[in-house]
1. Among the helices (runs of 4 or more DSSP H) contained in region 155-258, which hold 3 or more residues that are in contact (Cβ under 8 Å) with a residue 24 or more places away in the chain?
2. I'd like to check something: does region 370-377 contain any residue that is under 28 Å from Gln208 (Cβ atoms), assigned by TED's automatic domain parsing to the domain that holds Arg481 and touching a His at 6+ places or on another chain (Cβ under 6 Å)?
3. Can Lys148 be described as open to solvent by 10 Å² or more (accessible area, probe 1.4 Å), part of a helix (DSSP H, G or I) and not small (Gly, Ala, Ser)?
4. In region 162-176, what residues are open to solvent by 80 Å² or more (accessible area, probe 1.4 Å) and farther than 21 Å from Glu488 by Cα?
5. Test of understanding: among Met301, Met338, which residue is in the same structural domain as Val221 (by TED's automatic domain parsing), away from ligand 1 (no atom under 16 Å from the Cβ), modelled with pLDDT of 95 or more and touching a strand residue (DSSP E or B) at 6+ places or on another chain (Cβ under 6 Å)?
6. Being open to solvent by 40 Å² or more (accessible area, probe 1.4 Å) and at pLDDT below 95 narrows it down to one residue among Lys55, Lys27, Lys83, Lys101; which is it?
7. Applying the selection to region 235-252, what residues are away from ligand 3 (no atom under 16 Å from the Cβ) and open to solvent by less than 10 Å² (accessible area, probe 1.4 Å)?
8. Filtering region 253-294 down to residues that are of a type in the set (S, T, N, Q) and open to solvent by less than 40 Å² (accessible area, probe 1.4 Å), which residue is farthest from ligand 1 (Cβ to nearest atom)?
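The values are calculated or read from the model by the stated rules, or taken from the named source; none is laboratory data. This structure is a prediction, so every number in the text was calculated from the model and none was measured. With ideal geometry, Cβ positions are generated from the backbone for all residues, glycine too; neighbour counts draw on all protein chains shown. Note: accessible area is taken over every heavy atom of the protein model, side chains too, but ligands, DNA and RNA are not part of it. Shrake-Rupley method; radii C 1.70, N 1.55, O 1.52, S 1.80 Å.
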Amino acid sequence: MEMSSTTSAASRIAGASVIVGVYENGKKGLGAENVDDATKGVISRLVRQGDITGKLGSCLTLSPVSGVRAQRVVVVGLGKISKFGVSEFRRAVSAAVKQIKDSKIRDVTCYLNLEPVTGADTYYLARYTAETFGNILYSFSETKSGKKPRAAALRKICIAAASRAEANKALKGAQHGNAIADGMSLAKDLGNLPPNVCTPAYLGRTAQKIARQHKSVTTKVLGEAEIKRLGMGSFLSVTSGTTLPAKLIVMQYKGAGRDNPVVLVGKGITFDAGGISLKPGPGMDEMKFDMCGAASVIATMSVIAQLKLPVNLTVVVPTCENLPSGTATRPGDIVTSMSGKTIEILNTDAEGRLILCDALTYSRRFKPEVIIDVATLTGACVIALGHHRTAVMSRSDELAGQITDAGIAADDRAWHMPLADEYEQQLKSNFADFANVGGRDGGAITAGCFLSKFTEDLNWAHLDIAGTAWKSGKDKGSTGRPVPMLSEFVLRRARAIP
Ligand code: BES
Ligand code: MN
Ligand code: ZN
């Protein structure tokens, strides 16, 4: 998508469409005010007639409008002025995009950004706008036969700004938002693809494709022989039940010379049947989304590379399947991780931590400034936080705070959960250094505790995205989260936010 910003008045834009807003009490937003003036009161009349109610997300397209140069004016309801916050802003933008998405409109100039929104400035409003366009325009039809739905005609998004200085911030926000939207689309595609297509090798090829697109990115895909040579006995125990080869994907982006990198580690289980500790049948298809951590870190790499940010970023993805078979790992098996620590596998369905611990140990070679793992790790996390918040765990309150702050700014929120020594005794094993499960109580936290045993002395945090990475039911599909939060975290490190 081509992004731009303008300081011209709504009535003077010579494009296919402009979007303006009206509040519920009939108060016109800045764009609507200008259109009203230029048309001798067209909007005021429609408000009086009750055609424009201002109800949040209601939409009316006017075309043609004499006095306005654009071919159409989309009037969106902004709801109550006293309640106009970030989520209302996004709902209004969504409604406008839905209105034009199936039309032939090729360009749009958005004036909603001129409205004051509590909790967001010009940069973030432009970013949310670009992201919302991407989210609403996204569709997945790769695996349907027959005629593909026509791609949206929209090519250009222009954001209105009040001054030249504001226009610069808006443009930056729009460009960042567009890159994040592209990243979210990539993460969604990877999540939505079926597990017989999106295999470990497919994730590896996707990472290699990103390296071909950006010369500042290098990708290495290690096979099982190399994984074995590295001593990753824990990772390899998970893949032992499948015939598909496991991969360890390593991507490096260099934008800041010799600085130590931010390292993102993503869980890449392309299908989680549970192994010998087999999951129940209903809903098991959704375990194709068990690679959404991997998808989100690979996608964040593509965002950062697209924006050419001055930062060093490394992405590490251990990826395999977790299936039952005659060669699968048994409950009771003890494995030796790359760190040398031994693990008693009491439940083969707690496999995410088994692949992540070796990937975290491997990542030490990059001397991470900060290391964050991202995983659809536990059902317990969904019970604790539901589908609105990602769980953050860390031994460092400072790092956890930086992540939750990034989540608030990116409108992709996280919640800090405790990671204290008291929980550790739940992982005691009579036979190995520790067990891979800690019982039902505090299941998301004991999973974090397990990982913390491999990250002592690192500036590390763990994100459990089991509740936020995808939706079930009639809207079943990947959400692209937490790409916005991760991108924000890295953007902040790169001091790239105006
Ligand atoms: N991938 C699952 C976690 C999961 C389950 C995410 C359901 C979203 C919805 C993970 O590998 C898993 O199976 N975890 C077990 C851990 C348990 C055996 C300690 C779980 O949560 O049941
Ligand atoms: Mn599992
Ligand atoms: Zn899993």
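1. Values: elements: 164-192, 200-213, 224-229, 233-239.
Hits in region 155-258: 164-192, 200-213, 233-239.
2. The initial filter retains those residues of region 370-377 that are under 28 Å from Gln208 (Cβ atoms), namely 370-377.
Of the ones still in play, those that are also assigned by TED's automatic domain parsing to the domain that holds Arg481 are 370-377.
Applying the additional criterion that residues be touching a His at 6+ places or on another chain (Cβ under 6 Å) yields 373.
Yes, some residue in region 370-377 is under 28 Å from Gln208 (Cβ atoms), assigned by TED's automatic domain parsing to the domain that holds Arg481 and touching a His at 6+ places or on another chain (Cβ under 6 Å).
3. Working: open to solvent by 10 Å² or more (accessible area, probe 1.4 Å): yes; part of a helix (DSSP H, G or I): no; not small (Gly, Ala, Ser): yes.
So Lys148 fails the test.
4. Result: Ala162, Arg164.
5. Working: Met338 fails: touching a strand residue (DSSP E or B) at 6+ places or on another chain (Cβ under 6 Å).
Selected residue: Met301, the only one of Met301, Met338 that is in the same structural domain as Val221 (by TED's automatic domain parsing), away from ligand 1 (no atom under 16 Å from the Cβ), modelled with pLDDT of 95 or more and touching a strand residue (DSSP E or B) at 6+ places or on another chain (Cβ under 6 Å).
6. Details: Lys55 fails: at pLDDT below 95; Lys27 fails: at pLDDT below 95; Lys83 fails: at pLDDT below 95.
Answer to the selection: Lys101.
7. Residues satisfying the conditions are Leu248, Ile249, Val250, Met251.
8. Narrowing region 253-294 to residues of a type in the set (S, T, N, Q): 260, 270, 277.
Still in the list and also open to solvent by less than 40 Å² (accessible area, probe 1.4 Å): 270, 277.
Working: Thr270: 11, Ser277: 7 Å.
Among residues in region 253-294 that are of a type in the set (S, T, N, Q) and open to solvent by less than 40 Å² (accessible area, probe 1.4 Å), the one farthest from ligand 1 (Cβ to nearest atom) is Thr270.
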